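Participant: The structure follows.
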Amino acid sequence: MRSGHFIESYDKLVNLTDNPVKMAWSWILVLVLALAPLVLDSFWTSICATVLITAIGIIGLNLLVGTTGQISLGHSGFLAVGAYATAILTMDYQVPGIIAILLSGFIAAFFGLIVGIPSLRLKGLYLAITTMAFAIIINHVILNAEDITRGSEGFIIDPLQVFGFSFESDASIYYLSLIILVLTVLGALNLMRSHIGRAWVGIRDHDIAAKVMGINLTTYKLLAFMVSAFFAGIAGSILAFQLQYINVDNFSLLLGIEALSMIIVGGLGSISGSIVGVIFIIFLNELVRITTGIFADDGGTMSLYIHEMKGLLYGVVIVLFLRFEPDGIMGKWRDIKNYWSNWPFHH
Amino acid sequence: MLKKQTKKWLLGALCLGGVLGVTPAQAEVGVTNDTIVIGSINPLSGSPSLLGRAHWLALQVWIAEVNERGGINGRKLKLIAEDDGYVPARTRQMAKKLISKDNVFAFLGTSGSSHLLAVMPLLDKEKVPVVNTLAVNSAHFDPPHPTVFNIGATYCMEMEYAIEFAVNHLGKKDSKYVLIYQDDDYGKDTRCGYLNGVERYGVKDVGQFKYKRGQKDFSAEILKAKATGADVLISGGVVAEHAIFMKEAKKIGWDVTMIGMHAAHLPPVQALMTGADNGYYAIDYVPPLTQTDIPGVKRFMDNAQKYLDEKEYKGLNRYSLASYVGSLVMEEAIQQCGEALTRSCVVEKLESLDNFQVGGLMSGVTFGEGNRFSISGVLAVQSQPEEKVFKMVTDPKVIPVR
């Protein structure tokens, strides 16, 4: 009888997975996702594309917060940098869209490096405030650097063109996001298995101990900020192509807090947790919208204030989740898996 | 054999025709024999819900009124409203939902200024008629978008009239003027009107102070404004800012005449100002709800009393009247199209409107080829803190686009 899951060689340890069933399910999931736009209407395809785009940014945030233990409330700032970099590069400098996506990631990574510098001296709440300040600064720069960013009027962006094909439809943006998300997941999983990922985990668990073991805190902390910002920048770039219009209102501070709630609900330090968290929060939002819509359509007094209830319901679900399942959905999944793997000896 | 093959070809052609949707009697999106589906996106949650709810309530009144009359050309109206929380990305998502899932025929309201810009590519692509009266910005009509029709006045027009009003009606030709404005495109538009007014009426501008979006404390700006020796404050506040300016002014003993733009003409602003309200003025393009001697206001308020409950009735404000004007304009275009209702017909009829009267709620509505902005005359209202109402103090005057 199987009494646990043991990895017995280094090769197995660096493999993405040593479980063929898991691999098969992963490919089936990708296949299902690839077929989804064929059965979904334009609205739901657009919601799913938003899930995929958000997941790219959230994986980046989870690498920083969940894996490296560096809190950030300023990821809306990196998202804004990515979106505006794409808008400026494609609309004002006619840089091809696909190159602009990559460049936007690198530009956001550069800002990540700048924000990361204070992280060498700050921890916890102090770091949270510093990163939040970054998001505020970015918002003010966008509003005031009118010649570059069009100020609060915002930017209208042409659809992404690749070899004459226009990514105008929701399905095309969905497929683009899916491809980039798959690459992001593979990249993040491999990073976590490399010496970089192990160094990040070391820093998260005990930075002084990690330093004693020879891990260069400066290099790895800054790298975590840069990689995280890179993914957020890429997400911002695709978001710009999806929306075709960006302005400062799309990157409020609340977005950074919502992003943190996604990784907490999904599971800190877990790539699949990041994706599950995004799905949970975005679809919860839709579920609340549909539920409140039922009452809103009745035309009664309740319909007047029902939309205010949305935020309340949304908040209550998250609070209850954190109270009863602080390890997130992936934590619960691990518990269930362990229970059945070790049954009847689970305790 | 030949006959069988011909039948097959005919059947194939019919199927293809069906798939491509080239059947001769193709129905218009959002229109059936007995209903027309109208979409609306409003900020119904969060602090801007003050605007969105009032707009949505007016649509409810209009729909109830029209449906009780038997609809337009025999078709009853159905409203599908969505909340965007005042986030442009959400506005776009909701517009997509309303267009592709709910198959709305037209839009009455697409939230705020940048929110309409966010959905503009979608509206252009889908050719959905829109009447916008909630927030008018020059980017909405310059360059013109074929299906988007705007009615009202820009902030620039309102603020230019603020100076004219102060000079001609309050006798403040020799006064000193100061402006406090927000550091964004709204503020830019406010300042545009202020500068136009200063130049046109030759009044003395003693200072212009910019504040940051989202700022809550204005003590520094008010101190600086007072130090200029100004006695007329042109307020570029958004909503609550107007009240905060006056409260700060009272705190430091600055006796000033404040003139704000149309959002100052909201009961919550008046309520927030309690104790500091010296009878401030607001410039608007719709009259106060209490001005029932104007036929349009009376008609709307009577219907609102009939179709809304007490709580809903209390939620009405100047945005409701603006929304009602948009509804009347849309109704007229649909009416003119008759039985064969299509989006292109509505766009054509909207475009051909020439001085269409809306019961004195706004100036006559006029569009034209390449003209997607019907300018409405602006008027001044004064706060009556004792009665907690606003009183119209001037008749509407059209300020041209400069």
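Participant: Measuring from the lowest to the highest alpha carbon on each principal axis, how far does segment B:203-251 reach, largest first, in angstroms?
Facilitator: Taking max minus min along each principal axis of the Cα atoms, segment B:203-251 gives 29, 21, 15 Å.
Participant: So what's the net charge close to B:Lys172: Lys and Arg +1, Asp and Glu -1, counting the other residues with Cβ under 12 Å from its Cβ?
Facilitator: Once all neighbours under 12 Å are counted, the net charge is 0.
Participant: Please list log₁₀ I(q)/I(0) at q = 0.10, 0.12, 0.19 Å⁻¹ for segment A:1-131, using the Debye equation with identical point scatterers on the alpha-carbon positions.
Facilitator: Debye output, listed in q order: -0.56, -0.77, -1.13.
Participant: Would you please report the Å³ per residue occupied by the convex hull of the alpha carbon atoms in segment B:173-238? Can you show the working numbers first?
Facilitator: Details: hull volume 4.4 nm³, N = 66.
Expressed per residue, the convex hull around the Cα atoms of segment B:173-238 is 66 Å³.
Participant: Taking the Cα centre of segment B:208-317 as origin, sum charge times position over the Cβ atoms of Lys and Arg (+1) and Asp and Glu (-1), and report the length of that vector in debye to the nearest 20.
Facilitator: Using only the charged Cβ atoms, the result is roughly 340 debye.
Participant: On to the next question. For segment A:39-114, take the convex hull of the Cα atoms, compute a quarter of its surface area, and give me that in nm², please.
Facilitator: 6.5
Participant: Quick one: work out Rg over Rh on the C-alpha atoms of chain A, Rh as Kirkwood radius.
Facilitator: Radius of gyration relative to Kirkwood radius: 0.98.
Participant: Relative to the compact-globule scaling 2.2 N^0.38 Å, provide the ratio for the alpha-carbon radius of gyration of the protein assembly as shown.
Facilitator: Values: Rg = 28.9 Å, N = 749, 2.2 N^0.38 = 27.2 Å.
That ratio works out to 1.06.
Participant: Let me ask something else about it. Two decimals is fine: what's Rg over Rh for segment B:254-402, C-alpha atoms, Kirkwood radius as Rh?
Facilitator: Values: Rg = 17.4 Å, Rh = 16.9 Å.
Rounded to two decimals, Rg/Rh equals 1.03.
Participant: Follow-up question, since we're still on this one. Mind jotting down a quarter of the surface of the convex hull over the alpha carbons of segment B:313-364, in square nanometres, one decimal? List each step's numbers first, then the result.
Facilitator: Details: hull surface 17.4 nm².
The Cα convex hull of segment B:313-364, projected and averaged over all directions, gives 4.4 nm².
Participant: What is the sum of charges, Lys and Arg at +1 and Asp and Glu at -1, for the other residues whose Cβ falls under 14 Å from the Cβ of B:Asn33?
Facilitator: 0
Participant: Hey, could you get me the Stokes-Einstein D for segment B:246-306, Kirkwood radius over alpha-carbon pairs, 37 °C and 0.692 mPa s, rounded to whole µm² s⁻¹?
Facilitator: The diffusion coefficient I find is 247 µm²/s.
Participant: Rounded to whole Å, give me the distance from the Cα center of segment A:327-341 to that of segment A:256-286.
Facilitator: Here the answer is 17 Å between Cα centres.
Participant: Let's test this: bin the Cα-Cα distances of chain B at 10 Å from zero up to the farthest pair and state each bin's percent.
Facilitator: That works out to 5, 22, 30, 22, 11, 5, 2, 1, 1, 0, 0, in percent per bin.
Participant: Mean shadow of segment B:49-139, computed from the convex hull of its alpha carbons, in nm²?
Facilitator: 6.0
Participant: Roughly what % of Cα-Cα distances in segment B:195-338 sit above 21 Å, to the whole percent?
Facilitator: 54
Participant: What ranking do B:Ser363, A:Ser9 get, fewest neighbouring Cβ atoms within 10 angstrom at the top?
Facilitator: Least to most surrounded, the residues fall as A:Ser9, B:Ser363.
Participant: Still on this structure, please answer the following. Please give the calculated 222 nm ellipticity per residue for the protein assembly as shown, where each DSSP H segment of at least 4 residues contributes -39500 (n - 2.57) and the sum is spread over every residue; nearest 500 deg cm²/dmol? If you can, show how the numbers build up before the last one.
Facilitator: Numbers: 29 runs with 423 residues, N = 749.
Mean residue ellipticity, 222 nm, calculated: -18500 deg cm²/dmol.
Participant: Further question: Give me B:Tyr177, B:Tyr324, B:Tyr186, B:Tyr313 sorted ascending by neighbouring Cβ count inside 10 Å, so fewest comes first.
Facilitator: B:Tyr313, B:Tyr186, B:Tyr177, B:Tyr324
Participant: Now a separate question. Summing Lys, Arg as +1 and Asp, Glu as -1, what charge do residues with Cβ under 15 Å from the Cβ of B:Leu361 carry, B:Leu361 excluded?
Facilitator: Details: positive: B:Lys298, B:Arg299, B:Arg318; negative: B:Glu65, B:Asp284, B:Asp293, B:Asp302, B:Glu331, B:Glu332, B:Asp395.
That sum, taken over residues with Cβ under 15 Å, equals -4.
Participant: Here's something else I'd like to know. For chain A, what does the relative contact order come out to in percent, with C-alpha contacts under 8 Å and a separation of six or more?
Facilitator: Worked out over chain A, it gives 28 percent.
Participant: Here's something else I'd like to know. Using a Debye calculation, one point per C-alpha and no hydration shell, please list log10 I(q)/I(0) for segment A:219-272 at q = 0.17, 0.26, 0.31 Å⁻¹ in order.
Facilitator: Each listed q maps to, in turn, -0.72, -1.17, -1.16.
Participant: Quick check: convex hull of the Cα atoms in segment A:138-210, volume per residue, rounded to a whole Å³?
Facilitator: 184
Participant: Need the C-alpha centroid separation for segment A:1-65 versus segment B:217-233, integer Å.
Facilitator: Centre-to-centre distance over Cα atoms comes out at 59 Å.
Participant: Whole angstrom only: what separates the Cα centroid of segment A:149-200 from the Cα centroid of segment B:183-198?
Facilitator: Spelled out, the Cα-based centre of one part sits 39 Å from the other.
Participant: For the residues A:His195, A:His75, what sequence is obtained by ranking on other C-beta atoms within 10 Å, fewest first?
Facilitator: A:His195, A:His75
Participant: Can you list the residues, at least 5 places off or on another chain, whose amide H is less than 5 Å from the amide H of B:Ile180, using H built in the peptide plane?
Facilitator: Long-range HN contacts for B:Ile180: B:Phe209, B:Ile234, B:Gly236.
Each value in this text was obtained by applying a stated rule to the coordinates, not by laboratory testing. The model shown is predicted, which means the values in this text are computed figures rather than measured ones. As a convention, Cβ positions derive from the backbone with ideal geometry for all residues, glycine included, and neighbour counts pool all protein chains shown.
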